[in-house]
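Peer 1: Have a look at the structure that comes next, please.
The values are calculated or read from the model by the stated rules, or taken from the named source; none is laboratory data. Worth saying up front: this structure is predicted, and the values here are computed from it rather than measured. For neighbour counting, all protein chains shown are included, and Cβ atoms are generated from backbone atoms with ideal geometry for every residue, glycine included. With ligands, DNA and RNA removed, areas are computed over all heavy atoms of the protein, side chains included. Shrake-Rupley method; radii C 1.70, N 1.55, O 1.52, S 1.80 Å.
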Amino acid sequence: MKEVSSFADESGITKASPCYTIGILNVPNDYLDEFNYHIEEIYNASGIQGEIKWVKIRKSAGQINLCLNILRFILSGPCTFHAIAVSKAPYNKWHKDEESAFFTTYNQLLNQSSKGLNANFRVYIDQKNTKYPKQDEVIQIITNHMLAKLPTSSKIELVTMENSKYHWGLQTVDILTGAVNCGYHLYFDPNAQMQIAKKIAVKRMAAILGWDQLAYDTRPNNMFNIWHFPIETRAIPATRNITPNLSVPNISREEYSAIVGR
């Protein structure tokens, strides 16, 4: 039975965002050392201080290129990424109980992302304040109950909330999840106020996936999957295949300076 480490994070929970996204990055345990080595290499080349976080993508070419290099690396190896991008307006449960609605989609994504791999999973969730102190245990119980009804041998062995500074996987999924949510947010509001570096990163990450914008869902794709929720948001603006284009270039300091007018 394969052993997999899964790293999960969310983006867009604040009131200002019309959508939120939960992302899960699955890393086979026999690849975890190599994964950590390469992510640390990408980090060291970026110039970012402290943890890798989407909120830090603000004002430099190095920060943008960190995102592009992470995405290329994920698409080139055995890791898989799954995201559920939720439009808040039509999600009725969100308007009644945001925390309950959030964890409902968390369980659905964890079920969807793990069922096809036929593996044992240890799930690491970035630390989050919740009403119920044992929410990680509840996620494990509910998801295993869902998996037991499917033709899969996958099982969640552990769900634990962890400090992201100790896990390259949690920092990596923070970048991917933040970018997906930012791209979806820009679909709802093309003039949304956010740093130009984020908009450039999202545009180029979309190009690496073979898209013109990071606002589509997939068919799904077992390698890099984006699921729009609830059901009435599916295929809006469209459902697209992913055709990776790893030759999309990084941005130079000069190019970045010209874009921002400096």
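Peer 1: Could you order ILE84, ILE236 by accessible surface area, starting with the largest, using a probe radius of 1.4 Å?
Peer 2: I get ILE236, ILE84, largest accessible area first.
Peer 1: Please give the net charge around THR172, taking every other residue with its beta carbon less than 14 angstrom from that of THR172, where Lys and Arg add +1 and Asp and Glu add -1.
Peer 2: Details: positive: LYS53, LYS56, ARG72, LYS165; negative: ASP9, GLU34, GLU40, GLU41, GLU51, ASP126, GLU162, ASP174.
Charge balance in the 14 Å sphere: -4.
Peer 1: Regarding the range 122-262, what's the average projected area of the Cα-atom convex hull, expressed in nm²? All intermediate terms of the calculation are to be shown ahead of the outcome.
Peer 2: Numbers: hull surface 46.6 nm².
So the mean shadow area of the Cα hull is 11.7 nm².
Peer 1: Taking only C-alpha pairs under 8 Å that are 6+ residues apart, what is the relative contact order of the chain in percent?
Peer 2: 27 percent
Peer 1: Whenever you get a sec, compute what percent of the accessible area on the range 125-253 sits on carbon and sulfur atoms (1.4 Å probe).
Peer 2: Roughly 52 percent of what the probe reaches on the range 125-253 is carbon or sulfur.
Peer 1: Can you give the convex hull volume per residue for the Cα atoms of the range 1-119, as a whole number of Å³? Provide the component values of the computation, followed by the final result.
Peer 2: Numbers: hull volume 14.5 nm³, N = 119.
For the range 1-119, the hull spanned by Cα atoms encloses 122 Å³ per residue.
Peer 1: Say each of MET1 and ASN191 gets a label point 7 Å from the Cα, pointing the same way as Cα to Cβ; how far apart are those two points in nm?
Peer 2: My value for the distance between the label points is 5.5 nm.
Peer 1: State the percent of C-alpha pairs, over all pairs in the chain, separated by a distance greater than 27 angstrom.
Peer 2: 34 percent
Peer 1: Let me ask something else about it. With springs only between Cα atoms under 10 Å, which of GLN49, GLN171, GLN63 fluctuates most in a Gaussian network model of the chain?
Peer 2: GLN49
Peer 1: Right, next: Nothing charged except the Cβ atoms of Lys and Arg (+1) and of Asp and Glu (-1): what's the magnitude of the dipole of the chain about its Cα centre? Round to the nearest 20 debye.
Peer 2: Charge dipole of the chain: 640 debye, to the nearest 20.
Peer 1: Of the peptides 107-115, 189-197, how do they stack up when ordered by the mean number of other Cβ atoms within 10 Å, highest first?
Peer 2: The packing order, highest mean first, is 107-115, 189-197.
Peer 1: Roughly how many Å² is the accessible area per residue of the chain, as a whole number, for a 1.4 Å probe?
Peer 2: Each residue of the chain exposes 46 Å² on average to a 1.4 Å probe.
Peer 1: Here's another thing I want to ask about it. May I ask you to derive the relative contact order of the range 38-102, considering only C-alpha pairs under 8 Å and at least 6 residues apart, and to give it as an integer percent?
Peer 2: 22 percent
Peer 1: Can you tell me which of VAL248, VAL123, VAL173 moves the most in a GNM of the chain? Springs connect C-alpha atoms under 10 Å apart.
Peer 2: Result: VAL248 has the largest fluctuation of those listed.
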